[in-house]
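A.B. asks: The structure's right below; bear with me while I get my questions together.
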Amino acid sequence: MTAELTAQVCVVGGGPAGLTLAMELAKRSVSVVVLEQSGHFNRSFRGESVSPDSVWLLDRLGLLDRLDGAYAQMHHMEITDGGGTVLRADFSDFAYPHPYPVELPQPALLTALAEAAGEHPGFTLRQSATAVGLLREDGDSGPVTGVRARTPEGEITVRARLTVAADGRFSKIREMSGLPYEKLPLDRDVIWLRLPFPAEWDGNTYRIRIRGGEHGLFIPTHPDSVRVGLNIPKGGLRELRAQGLSALHERIDRLAPELSGAVRETVTSWSDTSMLDIFTTVVPDWSMPGLVLIGDAAHTLTPILGQGVNHAVIDAVTLAPLVGTALSGGGDTAELLRAGQEFQRVREESVRLSRALQLRQERLFALDGRWGGAFRRALYRVVNSSHTLQRRVLARAYFQVQRPGPVVARKVVHQSAPRA
C-alpha cells in the first residue's frame with residue numbers, strides 16, 4: 001500500500017537550495033516536505049565554496065553562529081601563470097559587511113539547515129527517498145500536484161500545491177516535467193582529488209595555477225586538506241587513465257610541486273579521484289503550473305569562482321517570500337505560477353552575469369601557445385595593477401546582494417595554515 005503525505009510545498013532535493021527554501025518556508029508557517037535521495041549529508045566533492053553574499057545571508061538567517069568552527073575564511077586569491085604570480089586579490093579591500101568567501105563542508109551546512117528547519121512544526125525531511133514520477137491533474141498535460149517517490153519502506157506520494165525541483169544539475173524533476181532546456185558542454189572536464197594540506201601554504205588563500213594549457217584549482221578545505229581540481233579535455237578521462245596514475249602525479253608536479261609527495265601517497269588508484277562533467281544549462285522557463293525549478297536545476301553553472309552554492313541560497317531566500325505570500329492569499333495554481341515567474345524575473349539577470357563571467361574565465365584558462373599565454377598573463381597583470389578594476393571584476397561574482405558597509409569584525413577569522 002502506498003503511503004501518502006500532504007503538504008503545501010514539496011521540495012525535491014535536500015541540498016543547499018532545497019533545505020534553505022524549506023527552512024524559510026517553515027519559518028512562514030508553510031508546511032513543507034523535503035525528499036532527499038541520499039540517506040545522509042556526507043557528500044564527497046560537492047560544492048563547499050560559499051561566496052561572501054551567501055555568508056552574509058547565512059548570518060542574516062541565523063545560521064552562521066551555528067556553524068562556528070565548521071568553516072575556513074579565504075582572505076586572498078592568487079593566480080600564478082607560467083611560474084609567476086599575475087594576480088593577487090585581498091578580500092579585506094572590499095568594504096562589505098562580509099567580505100570573505102568561506103570553505104564550508106556541505107555536511108555541516110546541510111545539517112545546520114535541517115536542524116534549523118526542524119525547529120518548525122510544518123517541516124518534514126524524508127531521506128533515502130528517490131523521486132520516480134510527478135503527480136498531475138488531467139493526465140500528463142495538467143498542473144503538477146505532487147511527487148511519487150521510492151523509499152526503502154516502499155513507494156510514497158506527496159501531494160502539494162507547489163512542487164519545487166531542487167535536485168541539482170542532473171535534475172530528474174526537470175526531465176519529468178518536460179520543460180525545455182539547453183545543455184551547453186564546455187571544452188573541458190575537471191578531475192577532483194583531496195590531499196593533505198602542504199606546510200608551505202597559508203590556509204586562507206585560493207590558488208589557481210596555470211602552465212600552458214594546464215590549470216588547477218587549489219582550495220583549502222576545512223579542517224586540514226586541500227581540494228584540487230585539474231582540467232582535462234572534454235571526454236578525456238579515458239585517455240588520461242590509459243596514461244596511468246603517473247600522468248596525474250606528473251601534472252601535479254608541474255602545477256604544484258609542493259604537493260608532489262602528498263599526491264603519490266594519497267592518490268594510489270583512480271577511485272581516489274572524482275570526475276566532474278563541466279557544462280552549463282539554460283532553461284527558458286523555470287516554472288509551469290504547480291512546479292518551479294531552483295538552483296542548478298534551473299541554471300547549472302561551472303565550478304569557476306564557486307557560484308553554485310551562492311546562487312542556490314539566493315534563489316531560496318528570493319522564492320520563499322513569494323511563495324509564502326501566494327499561499328497566504330489562497331495559493332491557487334495561477335497565484336503560485338505568478339510567484340514562480342516573478343522569482344525568475346528577479347533572479348535571471350544575476351545568473352546571466354555570473355554565467356558570462358565564468359565563461360570568460362573558462363576561455364582565458366583554455367588559452368595555450370606562446371601568444372595565447374602571453375595575452376592571458378598580460379590581462380591578469382592589468383587587473384592586478386588596478387585596485388579599482390580588481391574590485392569591479394570580483395564584485396560581479398561575490399557582491400551582487402550585499403551593499404557596502406562596515407565589516408563585521410566578530411566574523412573575521414585569522415587562521416594559521418591547516419595541518420595534515
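The values are calculated or read from the model by the stated rules, or taken from the named source; none is laboratory data. Only a predicted model underlies this, so the values are computations on that prediction, with no experimental measurement involved. Note that each Cβ is placed from the backbone with ideal geometry, even for glycine, and that neighbours are counted across all protein chains shown. Remember, those area values only see protein heavy atoms, side chains included, never the ligands or the DNA or RNA. Shrake-Rupley method; radii C 1.70, N 1.55, O 1.52, S 1.80 Å.
A.B. asks: Amide H of GLY142 versus every other amide H placed in the peptide plane: which residues, excluding those fewer than 5 positions away on the same chain, fall under 5 Å?
C.D. replies: Correct list: GLU137.
A.B. asks: Roughly speaking, what is the stretch gain from GLU119 to ARG370, that is 0.36 nm per residue apart minus the C-alpha to C-alpha distance, in nm to one decimal?
C.D. replies: Separation in residues times 0.36 nm, less the Cα-Cα distance, equals 84.5 nm.
A.B. asks: Using only the Cα atoms of segment 226-302, each taken as one equal point scatterer with no solvent, compute I(q) by the Debye sum, divide by I(0), and report log10 of the ratio at q = 0.12, 0.22 Å⁻¹.
C.D. replies: -0.51, -1.01
A.B. asks: What figure, in Å² to the nearest 10, do you get for the accessible area of LYS27 with a 1.4 Å probe and non-protein molecules left out?
C.D. replies: 90 Å²
A.B. asks: Starting from the 7 Å offset along Cα-to-Cβ, what nm value, one decimal, do you get for the label separation of THR151 and SER128?
C.D. replies: Distance between the two pseudo-spin positions: 1.0 nm.
A.B. asks: Whole number in Å², please: accessible area per residue of the chain, 1.4 Å probe, ligands, DNA and RNA not counted.
C.D. replies: 41 Å²
A.B. asks: Still on this structure, I have one more. Restricting the count to DSSP beta bridges whose residues both fall in the chain, what percent are antiparallel, rounded to a multiple of 5?
C.D. replies: 65 percent
A.B. asks: How big is D, in µm² s⁻¹, for segment 172-224 by Stokes-Einstein at 20 °C and 1.002 mPa s if Rh is the Kirkwood radius over C-alpha pairs?
C.D. replies: 144 µm²/s
A.B. asks: Taking a spot 7 Å from the Cα of ARG238 along the direction of its beta carbon, which residues of segment 262-297 have an amide N less than 11 Å from it?
C.D. replies: Hits in segment 262-297 for ARG238 at 11 Å: none.
A.B. asks: In addition: At a threshold of 8 angstrom on Cα-Cα distance, excluding pairs fewer than six apart, so keeping six or more, what relative contact order does the chain reach in percent?
C.D. replies: Relative contact order, the chain: 23 percent.
A.B. asks: Report the semi-axes of the equivalent ellipsoid for segment 315-366 in whole Å, largest first, where each axis is √(5λ) for an eigenvalue λ of the Cα gyration tensor.
C.D. replies: Result for segment 315-366: semi-axes of 34, 9, 6 Å.
A.B. asks: Follow-up question, since we're still on this one. Stretched out fully, how many nm does the piece from GLN361 to THR325 gain, at 0.36 nm a residue minus the Cα gap?
C.D. replies: Contour length minus Cα-Cα distance gives 9.1 nm.
A.B. asks: Now for a different question. Search the structure for amide H atoms under 5 Å from the amide H of VAL34, placed 1.01 Å from N in the peptide plane, and list their residues when 5 or more places away or on another chain.
C.D. replies: VAL11, THR124, LEU125, ARG126
A.B. asks: Give or take rounding to whole Å, what are the principal axis extents of the alpha carbon atoms in segment 24-171, in descending order?
C.D. replies: Each principal axis gives a Cα extent; for segment 24-171 these are 62, 37, 29 Å.
A.B. asks: In straight Cα distance, which aspartates and glutamates are under 12 Å from LYS234, not counting same-chain residues fewer than 8 positions off?
C.D. replies: In chain and number order, the partners are ASP187, ASP189, ASP277.
A.B. asks: Rounded to the nearest 10 degrees, what's the angle between the helix 245-255 long axis and the longest principal axis of the chain, both from Cα atoms, 0 to 90?
C.D. replies: Tilt of helix 245-255: around 70 degrees.
A.B. asks: Sticking with this one: Give the angle, between 0 and 90 degrees and rounded to the nearest 10, that separates the Cα long axis of helix 308-328 from the longest principal axis of the Cα atoms of the chain.
C.D. replies: 20 degrees
A.B. asks: Expressed as a whole percent, how much of the Cα-Cα distance distribution for the chain exceeds 37 Å?
C.D. replies: Here the long-distance tail beyond 37 Å is 25 percent of all Cα pairs in the chain.
A.B. asks: In sequence order, what are the phi-derived ³J(HN,Hα) couplings for segment 284-297 according to the Karplus relation 6.51 cos²θ - 1.76 cosθ + 1.60 with θ = phi - 60°, rounded to whole Hz, with x for glycine and proline?
C.D. replies: Values per residue, Gly and Pro as x: x, 10, 8, 8, 8, x, x, 8, 9, 9, 9, x, 4, 5 Hz.
A.B. asks: If you count, for each residue, the other Cβ atoms within 10 Å and average over each peptide, how do 381-394, 190-203 line up from highest to lowest?
C.D. replies: Answer by packing, highest mean first, reads 190-203, 381-394.
A.B. asks: Against the longest principal axis of the chain, how steep is helix 333-366, in degrees 0 to 90 to the nearest 10, with axes from Cα atoms?
C.D. replies: Approximately 10 degrees, to the nearest 10.
A.B. asks: Could I ask something else about it? Going by average Cβ neighbours within 10 Å, how do the peptides 79-88, 111-120 rank, with the highest at the top?
C.D. replies: Top of the packing list down: 111-120, 79-88.
A.B. asks: Let me ask something else about it. Could you give the alpha-carbon Rg of segment 226-357 over 2.2 N^0.38 Å, rounded to two decimals?
C.D. replies: 1.49
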